[in-house]
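Laboratory data are not the source of any read-out in this text; all were calculated from the coordinates shown. Bear in mind the structure is a predicted one, so any value in this text is a computation, not a measurement. Methodologically, a virtual Cβ is constructed for each residue, glycine included, from the backbone with ideal geometry; neighbour enumeration extends over all protein chains shown.
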Amino acid sequence: MIYGKSLFYYAKDRTTGRTFASLQFKNIFTPDLWSEIMFFDSIKSVVTSKKALLLVDDQTYCFAVNPRLTKSLIKRAIEKYFNVRVFKINILNLPRRNKCIGKYLGFCSSYKKVIVTLNYDDTINLFSDI
């Protein structure tokens, strides 16, 4: 597949034989740029519970990430996004929880939580110094 800069490409309708312009969004980005976008979308949020905030002093940070990612992909994403070196990663696959909304029973979806320990000289500035 050739990756170009064009948004449009011309296609021919099989039944009528007419030529028409069509959008083709997959040709805008190269595969390297798609992997960059997937890296930055892989980290959903920072977990800010009391226990997670106490771990920040030990260069240990908690993130909620995409459940499909493995340890190696999470390590590469965090090292690239925050420009730090990761020492250790622990992963927790948390199950879905039941939740009542009025008389209806539903659930909150499951998610993956990652506890990342950095090298002794690296830090992530998550909160501003206001």
Worksheet, complete the sentence: With Lys112 itself left out, Lys, Arg at +1 and Asp, Glu at -1 over residues whose Cβ is under 11 Å from its Cβ give +4
Discussion item. Can you order the peptides 100-111, 85-96 by their average number of other Cβ atoms within 10 Å per residue, highest first?
Written reply: 85-96, 100-111
Worksheet item: What net charge do the residues around Ile89 carry, taking every other residue with its C-beta under 10 Å from that of Ile89, with Lys and Arg at +1 and Asp and Glu at -1?
Response: +3
Response to the item:
Quick calc: nm separation of the 7 Å Cα→Cβ label points for Tyr120 and Asn93 -> 3.5 nm
